[in-house]
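> Below you will find the structure I want to go over with you.
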């Protein structure tokens, strides 16, 4: 059985491995300009290699965290627990595919045309749009677990409500390659909000596990 402390440590390690994304998120271009995207990779290719590897490695502690999350919530015998787990796996699968496509853009940025790099980069980031539903589903489930079962402090439930709304904003990527809706750097459709709220919620739960009351063990 994964304990709260093990899950908490895993959650914090995952956040640290994902933190380097903050180095390039402010520099991300919108998706309508092949020239800007080509310039982005020319300036940040080496940094992107390290970031992509670090984020990919972060999936391992994330799975440990999710294991502890299931152990924590299954005592309620609630379908919300399994909805949270399935939604998290769907969201992270989409993110994994996006990382692979973006890695191709990084590695090929000096070998192929700027239009090809543009297509790869756009395909990777546009995966945020179809993943929006699964990301929102996770936060709806953990909000329900918080409000109906008092699994975590109620503030975490409201943070989850915000998380659901922010993840749904990624649907904007279906409608525009520029402006607030675009999946590259859009205020609503971009990467920063959905990923940021995932990290924030996981860190909040991890800290609460480290500082909270003893764990209630689920019956076998």
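Every read-out reported here was derived from the displayed coordinates using simple, explicitly stated rules and does not represent laboratory data. These numbers were taken from a predicted model, which means no experiment stands behind them. Please note: Cβ atoms are built from the backbone with ideal geometry, for glycine as well, and neighbour counts cover all protein chains shown.
> Would any residue of the range 26-57 have its amide N under 19 Å from a label point 7 Å out along Cα→Cβ of residue 200? List them or say none.
26-27
> Further question: With everything on Cα atoms, drop me the angle between helix 59-73 and the longest principal axis of the chain, reported from 0 to 90° to the nearest 10.
Here the helix axis deviates by roughly 30 degrees.
> Taking the Cβ of each residue in 74, 154 as the centre, tally the other Cβ atoms inside 10 Å and list the residues starting with the fewest. All intermediate terms of the calculation are to be shown ahead of the outcome.
Numbers: 74 14, 154 11.
Ascending Cβ contact count within 10 Å gives the list 154, 74.
> For residue 79 and residue 33, what does the FRET efficiency come to when R0 = 45 Å and r is the distance between their Cβ atoms, rounded to the nearest 0.05?
Working from the Cβ atoms, E equals 0.50.
> While we're on this one: To the nearest 0.05, how large is the calculated FRET efficiency for residue 208 and residue 113 if R₀ is 45 Å and r is the Cβ-Cβ distance? Mind showing how you got there, number by number?
Values: r = 50 Å, r/R0 = 1.10.
After rounding to 0.05, the efficiency reads 0.35.
> What angle do you read, to the nearest 10 degrees and between 0 and 90, between the alpha-carbon axis of helix 132-149 and the longest principal axis of the chain?
Computed tilt is about 20 degrees.
> Over what distance in Å are the Cα centres of the range 131-208 and the range 40-107 separated?
14 Å
> Given just the C-alpha atoms of the chain, how large is their convex hull per residue in cubic angstrom? Each step should come with its number before you reach the end.
Numbers: hull volume 22.5 nm³, N = 220.
Normalising the Cα hull of the chain by residue number yields 102 Å³.
> Using the Kirkwood radius over C-alpha pairs as Rh, can you work out the diffusion coefficient of the range 52-152 via Stokes-Einstein at 4 °C, viscosity 1.567 mPa s, in µm² per second? Please report the intermediate quantities before stating the final value.
Working: Rh = 15.2 Å.
In µm²/s, the coefficient rounds to 85.
> Would you mind calculating the gained length between residue 46 and residue 2 on full extension (0.36 nm times residue separation, minus the Cα-Cα distance), in nm to one decimal?
Working: separation 44, 0.36 × 44 = 15.84 nm, distance 3.62 nm.
Contour length minus Cα-Cα distance gives 12.2 nm.
> Suppose each label sits 7 Å from its Cα in the direction of the beta carbon; what would the residue 56-residue 123 distance come out to in nanometres?
Distance between the two pseudo-spin positions: 1.7 nm.
> Taking the chain as the reference, fit the longest principal axis to its C-alpha atoms, fit the long axis of helix 4-18 to the helix C-alpha atoms, and give the angle between the two in degrees, 0 to 90, nearest 10.
The angle comes out at about 10 degrees.
> Pick from 100, 189, 137: which residue has the top mean-square fluctuation in a GNM of the chain where Cα pairs under 10 Å get a spring?
Evaluated over the chain, the most mobile residue of the options is 100.
> Could you give the length gained by full extension between residue 86 and residue 178, i.e. 0.36 nm per residue of separation minus their alpha carbon distance, to one decimal place?
Numbers: separation 92, 0.36 × 92 = 33.12 nm, distance 3.14 nm.
Fully extending the segment from residue 86 to residue 178 adds 30.0 nm.
> Hey, rough spin-label estimate for residue 158 and residue 192, points 7 angstrom out along Cα→Cβ, what's it come to in nanometres?
Computed distance between label sites residue 158 and residue 192 equals 2.4 nm.
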